[in-house]
Amino acid sequence: MAGLLAGALAGPAFADDTVTQTITAGGGLSASVANFAFPDVAYQNAAHDVTGTMTVTADDSRGSSAGWSVSIQASAFVYTGAAAGTNIPAANFALTSAQQPTMLAGQPVSLVASTGPQIPIEGIVFGSLASPLKTIRATAAYGNGTYSQDLGVTLTIPGQSKVGTYTGTLTTTISATP
């Protein structure tokens with residue numbers, strides 16, 4: 001009975017156990033511009049501008065905090081219509097303004113220099129989208145998440161452009177370097 005009592009009075013046994021959780025990259029880098037259409041315009045003999053706002057979305061789901069940047073470039077606007085027409089050159093499509101990015105999910109947007117995502121601190125060179133223009137960037141340690149940015153654009157339609165539809169293509173590139 002004494003041995004039974006000693007066993008019953010012994011304290012609980014402790015063990016050092018571990019619990020592990022691994023987080024893997026949820027994805028990579030992606031960027032796109034939502035499909036966009038300028039409003040219809042009437043035929044005109046003189047060159048004229050049509051303006052609009054398009055939205056670029058950037059996502060960094062790498063989980064690396066390495067930073068990134070987004071550039072956009074346009075092709076010529078290819079004519080389709082009943083009469084023989086001429087394409088509108090890519091040089092006629094221009095970036096005219098860029099808003100500060102908005103966080104959709106992830107790290108907050110900061111307007112303080114070098115804490116992105118933000119308009120590139122070296123500034124955007126507004127103008128023709130015939131060559132790539134950088135519109136948004138996140139420096140290292142920032143930009144984990146999904147962000148959108150509104151961009152003001154203008155298309156200069158040459159005078160006497162034929163009645164029909166003109167369709168351009170945007171190439172949106174996200175780079176792993178700010």
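The values are calculated or read from the model by the stated rules, or taken from the named source; none is laboratory data. Keep in mind the model is a prediction, meaning the values are calculated, not measured. Note that each Cβ is placed from the backbone with ideal geometry, even for glycine, and that neighbours are counted across all protein chains shown. The area values use the complete protein model at the heavy-atom level, side chains included, leaving out ligands, DNA and RNA. Shrake-Rupley method; radii C 1.70, N 1.55, O 1.52, S 1.80 Å.
Taken over the stretch 123-143, the criterion of being touching a residue at least 24 places away in the same chain (Cβ under 8 Å), surrounded by fewer than 20 Cβ atoms within 10 Å (Cβ to Cβ) and not hydroxyl-bearing (Ser, Thr, Tyr) is satisfied by Ile124, Phe126, Gly127, Ala130, Pro132, Lys134, Ala140, Ala141.
Here Thr102 clears all of (1) surrounded by 15 or more Cβ atoms within 10 Å (Cβ to Cβ); (2) among the β-branched types (Val, Ile, Thr); (3) touching a Ser or Thr at 6+ places or on another chain (Cβ under 6 Å) except the condition numbered (1). So, Ala90, is that one among the hydrophobic types (A, V, I, L, M, F, W, C), open to solvent by less than 70 Å² (accessible area, probe 1.4 Å) and either in contact (Cβ under 8 Å) with a residue 60 or more places away in the chain or touching a Lys or Arg at 6+ places or on another chain (Cβ under 7 Å) (or both) or not? Yes: the conditions hold for Ala90. Scanning the stretch 26-49 for residues that are in contact with a Ser or Thr (Cβ under 7 Å, 6 or more places away or on another chain) and in a strand (DSSP E or B), which turns out farthest from Gly152 (Cα to Cα)? So, considering only residues that are in contact with a Ser or Thr (Cβ under 7 Å, 6 or more places away or on another chain) and in a strand (DSSP E or B), the one farthest from Gly152 (Cα to Cα) is Ala31. All conditions in (1) modelled with pLDDT of 95 or more; (2) open to solvent by 60 Å² or more (accessible area, probe 1.4 Å); (3) more than 19 Å from the chain's Cα centre (by Cα) hold for Val50, with the sole exception of (2). Of the candidates Ser110, Ser65, Ser69, the single residue that is open to solvent by less than 60 Å² (accessible area, probe 1.4 Å), in a loop (DSSP other than H, G, I, E, B) and in contact (Cβ under 8 Å) with a residue 40 or more places away in the chain is Ser65. Within the stretch 160-178, identify whether any single residue is touching an Asp or Glu at 6+ places or on another chain (Cβ under 9 Å) and either among the aromatic types (Phe, Trp, Tyr) or open to solvent by less than 20 Å² (accessible area, probe 1.4 Å) (or both), and answer yes or no. Taking every residue of the stretch 160-178 in turn, none turns out to be touching an Asp or Glu at 6+ places or on another chain (Cβ under 9 Å) and either among the aromatic types (Phe, Trp, Tyr) or open to solvent by less than 20 Å² (accessible area, probe 1.4 Å) (or both).
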